[in-house]
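The values are calculated or read from the model by the stated rules, or taken from the named source; none is laboratory data. What you see is a predicted model; the values in this text were computed from it and never measured. Note that each Cβ is placed from the backbone with ideal geometry, even for glycine, and that neighbours are counted across all protein chains shown. Please note that ligands, DNA and RNA were not included when accessible areas were found on the heavy atoms of the full protein model with its side chains. Shrake-Rupley method; radii C 1.70, N 1.55, O 1.52, S 1.80 Å.
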Amino acid sequence: MVQHHTDHPEFEPLYQWLASGQADQLLERTAQLLESGDWPEQWRGELFYLQGVANNILGQHESALRLFELAQESGFLTAYVLFNGGNSCRNLGLHQEAQRLFGQALELLADFPECRHNLCLSYYDCKDYRRAEVGFRLLLRDHPSYFQASFCLGNLLRDLKRYPEAIEAYKLAIEHGPTYLDAWNNLGLAYGDLGRTDLAISAYLHCLSIDAAFPHARQNLAQAYILKKDYLSALVHFELLAHLNYGVNQNVLALQGQISCLLELGRYDDALERADSCSQDERIRLMARLHVLPVLYDSTEQLNVVRARWSADLKRLQDLLADLSASDEAYPLLWSHAWSLTNFYLAYQMQDDRELQQIYASCLSLILGQRLAEFMQPRPARSAGDQSPLRIGIISPHLRNHNGSIWALGWLESLARNPSYQLFSYNVGDQEDEGTQRFARLGTYRHLPLSPDDPMESLRLIQSDDLDVLLFTDIGMHPRSKVLSVLKLARVQAQGWGHPVTSGSNCIDYYLSGADMELATSDDHYTETLWRLPSTGLVYERPVAVHDGTCLYEKLNLPSDRPLLLSLQSTFKYVPEYDHIFARIIKNNPNVLILFAGHMGCQVIADRFFDRLAVACKQHGIDAARTIRILPRLDYADFMGLFSIAHHTLDTIGWNGGNSSFQSFSLHCPVVTLPTEFMRGRHTVSMLNKMGIDELIAGDIEEYISICGRLLDDADFYHSIKARIAQTEPLLFGDMAVASAFEAFIACVCPPLPA
């Protein structure tokens with residue numbers, strides 16, 4: 001903010017240039033006047049002041065600060081000089097000095113709303129939320145139409161997760177600034193935080209009715225439609241976002257959004273065509289093609305064709321990246337793709353992915369290394385004789401109540417009580433919840449939502465914590481975890497069970513698994529050194545049953561006079577080659593009803609899966625509509641309740657239930673399993689081995705079907721199995737032998753150095 005003081009005619013155009021943002025012209029003319037004119041000292045001070053404000057506009061805050069000091073030395077001291085000096089300090093991160101200058105300005109001009117507002121923003125910058133909130137509220141009491149203050153108050157309240165209050169603040173901003181786009185957009189975000197997706201969509205649509213080219217609202221609207229599983233609407237808005245050409249990262253996000261929507265709609269060929277049309281540069285096209293992996297396969301033949309195509313694309317990309325440099329004109333897009341891409345669905349082809357994961361990690365390293373080479377070097381060893389606690393970190397984009405990471409608390413909570421260890425938790429995702437708070441209570445907690453725009457500060461902060469061991473919980477479930485997996489942020493880095501596939505990265509030293517989840521030959525499946533913890537390898541927390549499931553007969557319209565068999569896995573775990581098993585189980589036991597879980601609430605995928613199962617059923621003369629039901633998306637209470645009323649559970653072959661098998665056994669519901677070669681197909685066998693119940697472990701498909709039939713036909717066998725599960729299932733939970741073995745792992749990989 002500026003204020004015109006001098007009446008000299010030379011000053012009028014200077015302030016006009018300033019009002020129109022013509023900072024370069026202003027700097028040039030004020031320099032000429034200072035050199036040529038014999039100005040009174042105070043007038044010279046005002047010229048210095050104008051130069052300072054122009055420098056602030058140009059982002060040259062250090063120069064601006066010096067010019068404001070020259071203005072004061074020349075006798076030109078006003079509230080506006082102090083205010084703009086405070087702005088310079090705030091932009092330089094000198095918050096205490098900024099607050100001092102804002103305070104002095106208010107002593108000279110108490111009714112100065114902009115200064116009061118920026119003082120509150122400085123408190124906000126310093127995370128002094130109490131003073132910021134009080135200041136914003138007092139400012140709005142005196143100036144209720146100051147909509148920028150109510151907007152910033154809304155942002156503060158949203159940061160504090162006080163979402164209803166944030167909504168009221170944004171509404172106040174909109175009342176006095178009805179075309180304020182950011183307020184409409186953030187109102188939508190706050191509604192989204194409360195799960196009120198329809199109201200969020202309404203806010204975004206209103207924002208876009210004011211300015212259809214506002215990219216943030218367009219992006220948020222597309223993502224809100226994804227939450228509603230309305231992929232057709234989401235696709236439309238991702239396409240519109242792509243046409244805005246707002247920036248490299250947004251362009252990649254729009255492309256990824258289009259591809260993801262097309263895949264959810266089962267339009268694989270269209271998704272591949274969209275990837276091929278995104279650029280003239282083959283490397284960028286190949287990166288886009290790596291996004292294209294189906295959620296659900298129509299046939300084994302399609303799976304094999306897709307895998308061959310994807311593998312060829314990946315190997316070709318590796319060859320083309322060999323000579324990449326940061327000066328390459330395609331580099332910004334390649335960098336952005338690296339931050340938005342994960343090969344999550346590759347592992348659900350149920351094949352050996354070691355080579356492909358290794359090549360994929362190599363491609364990431366070739367791209368990211370151009371900017372992040374400093375984070376790819378080995379970390380310096382501990383100082384000789386350092387007797388301080390070992391510094392153990394855990395990192396994930398899902399550091400909350402999420403299956404990818406929550407299991408790791410069992411490894412770490414006993415360490416947190418031991419003064420020999422200091423624990424650090426790094427949430428590199430966007431969300432926090434009560435699970436996050438449990439991780440935070442382990443020790444030092446840092447929320448670092450990484451982005452491709454400027455990740456260096458966050459990465460340096462992690463490195464400055466000087467970690468001895470960093471545990472990755474779920475590499476591959478999120479693009480950020482793949483990025484981090486090719487960096488060296490600690491002396492020793494290990495990953496665990498959250499996504500049970502090798503990382504392929506030479507920066508991850510160990511894969512921590514369970515001895516009973518691995519074969520003697522399993523070392524060959526990992527680029528990391530495989531470290532076998534006892535039994536399941538997990539210190540798993542006993543699941544909580546909210547109700548006994550009886551209400552589900554009415555709620556889900558389930559028959560109470562038919563055996564209910566559960567197969568409640570994510571739809572992408574079902575590969576076509578095993579569809580016939582369900583049909584054969586039904587053929588042998590016509591009265592059963594097999595229940596599946598809908599794909600993340602997406603009806604299109606659920607319908608395609610049902611149609612695929614119906615083909616297998618028809619081949620065996622079975623009416624799928626009578627014997628198979630795909631349930632709507634279930635909340636935790638109802639998901640757990642089903643295990644209480646089910647006859648038994650059918651484990652997915654190739655990628656077992658993990659959390660769901662623990663949940664099933666906790667309610668004494670048998671799980672029939674057929675272990676396969678890779679760890680992801682051996683979760684349940686490790687639990688059955690722990691309980692000593694090998695009767696539920698099949699050696700082949702025929703035995704799998706036979707065990708299901710015996711459970712249904714032989715009541716004595718069935719009840720004896722349930723009784724043995726009831727007797728032995730406590731062994732699965734809170735296994736402190738695993739916690740001790742994890743601590744032994746830490747001691748082994750972090751031996752003390754001689755003094």
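Worth a mention:
- Options Leu489, Leu519, Leu530; residue that is buried (at least 20 other Cβ atoms within 10 Å of the Cβ), outside any helix (DSSP H, G or I) and not acidic (Asp, Glu): Leu489
- For Glu165: the one exception among (1) under 29 Å from the mean Cα position of the chain (by Cα); (2) within 30 Å of Asn55 (Cα to Cα): (2)
- Exclusive hit being of a type in the set (Ser, Thr, Tyr) and assigned to a loop (DSSP other than H, G, I, E, B), set Ser202, Ser145: Ser145
- For segment 240-298, the helices (runs of 4 or more DSSP H) that sit wholly inside it and include 1 or more residues that are in contact (Cβ under 8 Å) with a residue 40 or more places away in the chain are 248-264, 282-290.
- Applying the set (1) part of a strand (DSSP E or B); (2) surrounded by fewer than 21 Cβ atoms within 10 Å (Cβ to Cβ) to Leu470 leaves exactly one unmet item: (2).
- Filter result for Arg446 (free of Cβ contacts under 8 Å to residues at least 24 places away in the same chain, closer than 28 Å to Trp339 by Cβ, open to solvent by 30 Å² or more (accessible area, probe 1.4 Å) and not small (Gly, Ala, Ser)): yes
- Residue check, Ala213 surrounded by fewer than 16 Cβ atoms within 10 Å (Cβ to Cβ) and more than 20 Å from the chain's Cα centre (by Cα): yes
- Residue within segment 81-92 that is within 23 Å of Ala132 (Cα to Cα), in contact (Cβ under 8 Å) with a residue 40 or more places away in the chain and either more than 46 Å from the chain's Cα centre (by Cα) or open to solvent by less than 40 Å² (accessible area, probe 1.4 Å) (or both) present: yes
- Subset of segment 4-57 that is charged (D, E, K, R), crowded, with 16+ Cβ neighbours inside 10 Å and modelled with pLDDT under 80 - its residue that is nearest to Ala79 (Cα to Cα): Arg44
- Flag if Pro534 is in contact with a strand residue (DSSP E or B) (Cβ under 9 Å, 6 or more places away or on another chain), at pLDDT 95 or above and either of a type in the set (D, E, K, R) or over 19 Å from Gly496 (Cβ atoms) (or both): no
- Of everything listed in (1) of a type in the set (Phe, Trp, Tyr); (2) in a helix (DSSP H, G or I); (3) open to solvent by 30 Å² or more (accessible area, probe 1.4 Å), the single unmet condition for Phe439 is (3).
- In this structure, Ala105 does satisfy being at pLDDT 85 or above, under 21 Å from Phe136 (Cα atoms), touching a Gly at 6+ places or on another chain (Cβ under 7 Å) and small (Gly, Ala, Ser).
- When restricted to residues that are over 30 Å from Leu415 (Cα atoms) and in contact (Cβ under 8 Å) with a residue 40 or more places away in the chain, segment 724-743 contains 2.
- Residue in segment 157-168 that is in contact (Cβ under 8 Å) with a residue 24 or more places away in the chain, crowded, with 16+ Cβ neighbours inside 10 Å and out of contact with any Leu (no Cβ under 8 Å at 6 or more places or on another chain) present: yes
- Qualifying helices (runs of 4 or more DSSP H) (wholly inside segment 548-664; at least 1 residues being at negative phi and touching a strand residue (DSSP E or B) at 6+ places or on another chain (Cβ under 8 Å)): 579-588, 603-619, 624-627, 636-645
- The single residue among Arg382, Arg309 that is in a helix (DSSP H, G or I), among the basic types (Lys, Arg) and surrounded by fewer than 21 Cβ atoms within 10 Å (Cβ to Cβ) turns out to be Arg309.
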